[in-house]
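Trainee: A single structure is presented below for examination.
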Amino acid sequence: MILLKNATLVHLHPAEVIPGVDIVIDGTEIQSVGRAAGEGLKPTRSIDLAGRVVMPGLVCGHDHFYSGLSRGIMATIAPCPDFVSTLQNLWWRLDRALDADTVRLSGLVCALEAVKAGCSAVIDHHASPTFIDGSLSTLKEGFEKAGLRGILCYETTDRNGRDGARKGVEENQRFARLVEEEKKRSGKQRLVEAMIGGHAPFTLSDEDLTALAEVVARSGRGFHVHVAEDSFDSSWSHRLHGKDALARLNDFGLISESSIIGHGLYLTEEDRKILNARGAYMAHNSRSNMNNNVGYNSALPHVKNVVLGTDGIGSDMLLEAKFAYFRHRDSGGPLGPGAFMRFLQSGNELLHRSFGESFGKIEKGYKADLVVLDYDSPTPLMRENVAGHVIFGMGSRDVNTVIVNGRIVMENRTFPWDVAPVYAEAQAAARLLWKKMDRL
């Protein structure tokens with residue numbers, strides 16, 4: 001049992017600020033919350049937070065941990081005048097260069113970085129075409145080592161040939177079975193769930209979509225896919241299939257309330273109607289969209305379920321929320337800071353749909369996934385202005401302690417094990433990875 005004393009409880013959406021409360025954690029869940037809630041208890045750990053902010057853990061709704069060794073990349077990259085050339089010259093070369101060891105290191109480093117930024121969970125969309133079989137299990141080990149919760153899938157694609165597409169489907173199926181078996185054995189102790197993944201419709205044949213739909217149906221898991229990140233995806237779909245990209249996926253039964261649609265910048269109005277009617281989530285990745293110069297999703301206010309992701313640019317969700325809000329304002333959009341708190345909260349709803357447990361509130365019976373912040377506010381912190389504090393103040397620099405599944409995974413900005421050798425090993429591996437890319 002862990003007792004967090006004298007905390008300032010903060011919920012982002014619906015907004016709430018309650019100072020001076022105790023939070024009692026028993027096992028993987030919150031047992032009680034309130035003033036003097038810990039009175040008379042004999043916890044294993046009792047931590048006086050002295051008024052520090054405690055929030056539900058942050059969730060990244062769409063990430064690519066395979067990009068973890070690309071920061072400051074020194075490989076030779078040809079000019080990329082458009083999005084497709086960026087994929088061909090950079091990202092598809094990087095993922096082909098990954099092997100078991102670099103997937104392991106990339107995943108572990110990214111998991112540590114996510115925790116440092118206050119994330120309790122990351123929904124990852126993985127690709128490593130020369131290391132497919134077992135790749136999700138390798139990633140899973142990194143999540144568990146860092147103590148991070150996750151939902152993983154493999155990015156099935158036929159861009160590397162029919163055999164690669166088949167192996168991608170099989171890896172999704174294998175991992176979903178593994179997770180289901182673990183669910184029966186360990187129940188609430190498990191940290192990792194599965195989704196079924198596809199890269200983007202323009203790299204998926206009808207044969208691929210049929211196979212993926214069968215795995216989705218058998219496994220009961222949701223589908224995680226890029227759609228209309230660039231206008232090329234939409235035009236390709238019309239040229240080859242005579243229909244919108246999301247409509248095509250829907251025809252195969254792949255759009256449901258458990259689905260994540262990455263980006264969605266060029267969804268048509270009919271596509272958005274399907275998305276909203278199915279209750280699927282669109283992952284908005286503002287920094288990645290800006291970096292890739294693919295445009296801005298001005299239809300954001302017309303999408304029912306939006307979750308914030310990073311598309312591989314780290315897992316700093318407080319920073320991502322800021323960029324998403326400022327880019328929206330720059331485009332003349334009507335949404336205020338509160339809407340982006342709702343988008344942050346949506347990540348916890350996706351966890352609920354995958355794990356079948358309660359996330360995203362500091363209340364009795366909810367999972368004990370929490371972040372403690374050293375946030376020294378120069379102005380009053382109240383329910384009415386929480387969103388303003390997040391957008392204009394709070395940052396990952398304030399993250400002090402992270403608790404996932406009732407376990408303290410980072411305390412006072414320190415992990416309970418020496419992470420320095422991991423970073424040293426990753427630096428050496430990154431140099432070799434970049435050299436390998438130059439040979440592809």
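Trainee: May I ask you to verify whether K188 is closer than 21 Å to R221 by Cα, of a type in the set (K, R) and free of Cβ contacts under 8 Å to residues at least 12 places away in the same chain?
Mentor: no
Conditions (1) at pLDDT below 95; (2) farther than 23 Å from G262 by Cβ, marked per residue:
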position	(1), (2)
N293	yes, no
V307	no, no
K322	no, no
G333	no, no
N348	no, no
F359	no, no
Y375	no, yes
T379	no, yes
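Trainee: Condition (residue is part of a strand (DSSP E or B), in contact (Cβ under 8 Å) with a residue 40 or more places away in the chain and exposed (fewer than 15 other Cβ atoms within 10 Å of the Cβ)) applied to the range 64-79: is it met by at least one residue?
Mentor: no
Trainee: With (1) surrounded by fewer than 18 Cβ atoms within 10 Å (Cβ to Cβ); (2) in a helix (DSSP H, G or I); (3) of a type outside the set (A, V, I, L, M, F, W, C) as the list, and G253 as the residue in question, which single condition is left unmet?
Mentor: (2)
Trainee: Further, regarding this structure: From V386, V399, V371, which residue is among the hydrophobic types (A, V, I, L, M, F, W, C), touching a Leu at 6+ places or on another chain (Cβ under 8 Å) and closer than 30 Å to F223 by Cβ?
Mentor: Checking each option against the conditions leaves just V371.
Trainee: Condition (residue is in the same structural domain as T156 (by TED's automatic domain parsing), closer than 27 Å to E181 by Cα and surrounded by fewer than 17 Cβ atoms within 10 Å (Cβ to Cβ)) applied to the range 259-279: is it met by at least one residue?
Mentor: Within the range 259-279, not a single residue is in the same structural domain as T156 (by TED's automatic domain parsing), closer than 27 Å to E181 by Cα and surrounded by fewer than 17 Cβ atoms within 10 Å (Cβ to Cβ).
Trainee: Let me ask something else about it. Test of understanding: among A97, A37, which residue is crowded, with 16+ Cβ neighbours inside 10 Å and farther than 30 Å from R159 by Cβ?
Mentor: A37
Trainee: Which residue out of V179, V216 is under 19 Å from H125 (Cα atoms), β-branched (V, I, T) and free of Cβ contacts under 8 Å to residues at least 24 places away in the same chain? Can you show your working first?
Mentor: Working: V216 fails: free of Cβ contacts under 8 Å to residues at least 24 places away in the same chain.
None of the others qualify; the one that does is V179.
Trainee: Considering each of G338, G388, G332 in turn, give the residue that is out of contact with any Cys (no Cβ under 7 Å at 6 or more places or on another chain) and without any contact (Cβ under 8 Å) to a residue 40 or more places away in the chain.
Mentor: Within the list G338, G388, G332, the selection yields G332.
Trainee: Inside the range 310-332, can you point out the residues that are over 18 Å from A114 (Cα atoms) and crowded, with 17+ Cβ neighbours inside 10 Å?
Mentor: Pass one, the range 310-332, residues over 18 Å from A114 (Cα atoms): 324-332.
If the condition is that a residue be over 18 Å from A114 (Cα atoms) and crowded, with 17+ Cβ neighbours inside 10 Å, then A324, Y325, R327, H328 are the ones that fit.
Trainee: Cβ-Cβ distance below 8 Å, separation of 6 or more or different chains: which pairs start in the range 225-239 with a residue that is crowded, with 17+ Cβ neighbours inside 10 Å and in a loop (DSSP other than H, G, I, E, B) and end on one that is modelled with pLDDT of 90 or more and among the β-branched types (V, I, T)?
Mentor: E229/V294; D230/V294
Trainee: Only one of (1) of a type outside the set (A, V, I, L, M); (2) out of contact with any Lys or Arg (no Cβ under 9 Å at 6 or more places or on another chain); (3) in a helix (DSSP H, G or I) is not met by W92, so which one is it?
Mentor: Result: W92 fails condition (2) only.
The values are calculated or read from the model by the stated rules, or taken from the named source; none is laboratory data. In this text the structure is predicted, and so the values were computed from the model without any measurement. Note: ideal-geometry Cβ built from the backbone for every residue, glycine included; neighbour counts use all protein chains shown.
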